[in-house]
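K.L.:
One structure, pasted below without further comment.
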Amino acid sequence: MNFKARISVFGGRQITDEIYEDTRELGRILGKGGYLVYCGGGSGVMEAVSKGVDESGGICVGILKGMTLDEMNSYIHIPMATNMGIARNALLAYNCDVAVAVSGQYGTLSEIAYALQLEKPVVGLHSWDIDKIYKANSINDVITYIESNI
């Protein structure tokens, strides 16, 4: 199976309904667009993006913190149990061509830091406002950024 590119989506567990729906729509567009999507596999942003990918017929890989699939949301197609805890955040950064940060707290910030250290392009939507992250104002901005960086 050929994918257009690998996209990791970073984000928080506790999000608003608006951010959930934006992220779900982002997942739909990525899945329909032929991207392989990675996320942490849990709730919040991770569930929303994987649900959108699932609805579009795409593939979403969940890189999980623990040894079991207990933390995994029901929309993940390929689970990877790592037993690495938050250190699995580095795997999300390594396994992408472009990273998307949506909302999030310190775990998301660590994923952003890993991606930037690896010199991966990072786009933020409702997320951290720091140097070297392209700040998107809409889902279309995110997609345009991804397409110009693959």
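K.L.:
Tell me whether segment 117-135 contains one or more residues that are in contact (Cβ under 8 Å) with a residue 40 or more places away in the chain, surrounded by 14 or more Cβ atoms within 10 Å (Cβ to Cβ) and assigned to a helix (DSSP H, G or I).
P.N.:
no
K.L.:
Which residue is surrounded by the fewest Cβ atoms within 10 Å (Cβ to Cβ), if the candidates are limited to segment 31-61 and must be of a type in the set (A, V, I, L, M, F, W, C) and within 18 Å of His126 (Cα to Cα)?
P.N.:
Ala48
K.L.:
Taking Ala81 as the residue in question, decide whether it is farther than 21 Å from Leu30 by Cβ, touching a strand residue (DSSP E or B) at 6+ places or on another chain (Cβ under 9 Å) and buried (at least 18 other Cβ atoms within 10 Å of the Cβ).
P.N.:
The answer is yes for Ala81.
K.L.:
Select, from Gly85, Gly104, Gly124, the only residue that is at pLDDT below 95 and touching a helix residue (DSSP H, G or I) at 6+ places or on another chain (Cβ under 9 Å).
P.N.:
Only one candidate qualifies: Gly104.
K.L.:
Something else: Of all residues in segment 136-148, count the ones that are assigned to a loop (DSSP other than H, G, I, E, B) and under 16 Å from the mean Cα position of the chain (by Cα).
P.N.:
2
K.L.:
Could you list, in sequence order, all residues of segment 14-43 that are within 17 Å of Ser110 (Cα to Cα) and under 12 Å from the mean Cα position of the chain (by Cα)?
P.N.:
If the condition is that a residue be within 17 Å of Ser110 (Cα to Cα) and under 12 Å from the mean Cα position of the chain (by Cα), then Tyr38, Cys39, Gly40, Gly41, Gly42 are the ones that fit.
K.L.:
Please state which of the following conditions Glu25 fails to meet, knowing it meets all the rest: (1) over 20 Å from Asn140 (Cβ atoms); (2) not in a loop (DSSP other than H, G, I, E, B).
P.N.:
Just one mismatch for Glu25, condition (1).
K.L.:
Could you list, in sequence order, all residues of segment 62-104 that are under 24 Å from His126 (Cα atoms), polar (S, T, N, Q) and part of a loop (DSSP other than H, G, I, E, B)?
P.N.:
Result: Asn73, Asn95, Ser103.
K.L.:
A further question follows. Among the candidates Thr108, Thr82, single out the residue that is hydroxyl-bearing (Ser, Thr, Tyr) and under 18 Å from Gly12 (Cβ atoms).
P.N.:
Exactly one of Thr108, Thr82 is hydroxyl-bearing (Ser, Thr, Tyr) and under 18 Å from Gly12 (Cβ atoms), namely Thr108.
K.L.:
Across segment 119-135, which residue is farthest from Ile29 (Cα to Cα) among those that are among the aliphatic types (A, V, I, L, M) and more than 13 Å from the chain's Cα centre (by Cα)?
P.N.:
Ile130
K.L.:
Something else now. Of the conditions (1) surrounded by 14 or more Cβ atoms within 10 Å (Cβ to Cβ); (2) not in a helix (DSSP H, G or I), Ser110 fails just one. Which one is it?
P.N.:
Of (1) surrounded by 14 or more Cβ atoms within 10 Å (Cβ to Cβ); (2) not in a helix (DSSP H, G or I), only one is false for Ser110: (2).
The values are calculated or read from the model by the stated rules, or taken from the named source; none is laboratory data. Please read these numbers as outputs of a predicted model, since none were measured by experiment. Backbone-built Cβ (ideal geometry, glycine too); neighbour counts: all protein chains shown.
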